[in-house]
1. Within the group Ile361, Ile327, which residue is assigned by TED's automatic domain parsing to the domain that holds Pro410, in contact with a helix residue (DSSP H, G or I) (Cβ under 8 Å, 6 or more places away or on another chain), closer than 20 Å to Lys402 by Cβ and in a strand (DSSP E or B)?
2. Just to be sure, is Phe77 at pLDDT 50 or above, outside the structural domain of Cys251 (by TED's automatic domain parsing) and touching a helix residue (DSSP H, G or I) at 6+ places or on another chain (Cβ under 7 Å)?
3. How many residues does the range 130-173 contain that are in a loop (DSSP other than H, G, I, E, B), modelled with pLDDT of 85 or more, of a type in the set (Ser, Thr, Tyr) and farther than 19 Å from Met267 by Cβ?
4. Please tell me if Val305 is assigned by TED's automatic domain parsing to the domain that holds Asp446, over 30 Å from Met154 (Cβ atoms), among the aliphatic types (A, V, I, L, M) and outside any loop (DSSP other than H, G, I, E, B).
5. Pick out the one residue from Ala390, Ala404, Ala449 that is in the same structural domain as Asn321 (by TED's automatic domain parsing), hydrophobic (A, V, I, L, M, F, W, C) and without any contact (Cβ under 8 Å) to a residue 24 or more places away in the chain.
6. Within the range 395-409, track down each residue that is assigned to a loop (DSSP other than H, G, I, E, B) and farther than 16 Å from Ser331 by Cβ.
7. Kindly check whether there is at least one residue in the range 289-306 that is surrounded by fewer than 17 Cβ atoms within 10 Å (Cβ to Cβ), touching a Phe, Trp or Tyr at 6+ places or on another chain (Cβ under 8 Å) and under 21 Å from Pro412 (Cα atoms).
8. Looking only at residues in the range 185-209 that are part of a strand (DSSP E or B) and under 22 Å from the mean Cα position of the chain (by Cα), which one is surrounded by the most Cβ atoms within 10 Å (Cβ to Cβ)?
Amino acid sequence: MDAVRSKLIISAAVIIVMIAGVGLIGTTSAEDDPVEGMMIDFGYWDVSWIEMKFQEGMDGYDALRAACAIAGYKVVFREDGSISSINGQSNLENISWGMYVTGDGGKWVAAEPKEIDASDHRLLCFSRSTGADTAMPGTDGTGFSYYDYARDGMSASTGEPLRIVTLAPSVTETICAVGGFQYIIGTDLYSNYPQEIVDGRSDGTIAVTGGYTDPNYEYIVRLAPDIVFCDGGAGEHLSMADKLRKSGVNCVVLYNCTDVNTLYNNMWIAASALGLSENANSVINNIRHTIDAVSGIAGMTNKRVFSALSADPSPWTSGSNTFMSDIIALSGGRNVFDSQSSSWFMVSKEQIYKKQPRVIIVMSTKEVTTEERYQEILDSLDPLWKQTPAYENGDVYVFSGKAADIFVRPGPRLSEATELLCKCLNGEAFTAKDPLDSIPRYFGDDYAAYLSYQTEVFR
């Protein structure tokens, strides 16, 4: 998904936070009290919600006029009857106002305002978009609306506390960050953060639903979850979501996280789907503040950075459209393989040598907790790696254990990864502010000891 499409889609996904007096758009637990109204999506998280009743005979434009009258907005129409602007927000180049309604399965679809009877619909949306295929207000990564799943952590269908399953470590961490831990009844095998997840698996209150790429469909169904949260970056999860939905299980597919902004978007979606949208606000702001603070100190070093998912001679690395490349840029560096690929890919040792990186970041599968073990990793590097400025100047950093996790999971701890990376790229700037703010060449489970800015923001 390109950046414009992603921003347009997600700008409406956060509408619930903008609602005054409404915890979640969708039906309440009482079937005779549905929420009805219109959202006006101006883009980039600027969304208005107007609760109202649609009168019989109203077309889409009539409903918009009525909604704008309630909200105090001015709507201007062109001579041909189409929308020119809403509340001063005009059509832009390749972006114009259009109307959307919820169709089969909760998906939002484009509709012609003059051709509908508004009273036939519970939710309507006017949104600025690049076309009918790009504006899907308040939906997950597969275009499904989640408005009627929950309210304040309670299932909209049963009125009981939610029962949720998460299928990826990054998804689990995202859910927990926005206050959803207490509702988790199952996770994938590799979810090991926060510690409460590990404890829950140990005492049997949280089930293991399979691996990351092979979730157990039958077992998930037997758990009878209200919502299953999936990772949009995994094809297996997309297939599983489709299969579960056909069995009547609600699913929320978070977007494939390719940058920090998408992380924020996913946090909004997760919180909103749980009916806990207000929780997302403070968490996102804290993450944002951490990244802004450490990025400001690190500055633009423009150092050439190579990130390796192992110390193998020809490891996997990150291309341009990846969260790793994004946090390298936020740290003031430049991913040496930005132009090589737009995704994760395997790179040869010859290519590494040719790029001559000034900083090398290695995720080690082997635990590195001592200087001796760190030196062993350095000694084991391919001879061509050793012919780079990074190796020659001692700028090879090794992350293992929990420290490696924060660099390979596109979850809330990306702010922690960014702080450590900033210190790797420009440690002098941090020690100038605080002489005690030193950084080693290797990190393990104790990585949190070096997170002075993250710690301060969340204190």
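The values are calculated or read from the model by the stated rules, or taken from the named source; none is laboratory data. Every value quoted in this text rests on a predicted model; they were computed, and no experiment measured them. Please note: Cβ atoms are built from the backbone with ideal geometry, for glycine as well, and neighbour counts cover all protein chains shown.
1. Ile361 is the lone residue from the list that is assigned by TED's automatic domain parsing to the domain that holds Pro410, in contact with a helix residue (DSSP H, G or I) (Cβ under 8 Å, 6 or more places away or on another chain), closer than 20 Å to Lys402 by Cβ and in a strand (DSSP E or B).
2. no
3. 2
4. yes
5. Ala449
6. If the condition is that a residue be assigned to a loop (DSSP other than H, G, I, E, B) and farther than 16 Å from Ser331 by Cβ, then Arg409 is the only one that fits.
7. No.
8. If we take residues in the range 185-209 being part of a strand (DSSP E or B) and under 22 Å from the mean Cα position of the chain (by Cα), then Thr187 is surrounded by the most Cβ atoms within 10 Å (Cβ to Cβ).
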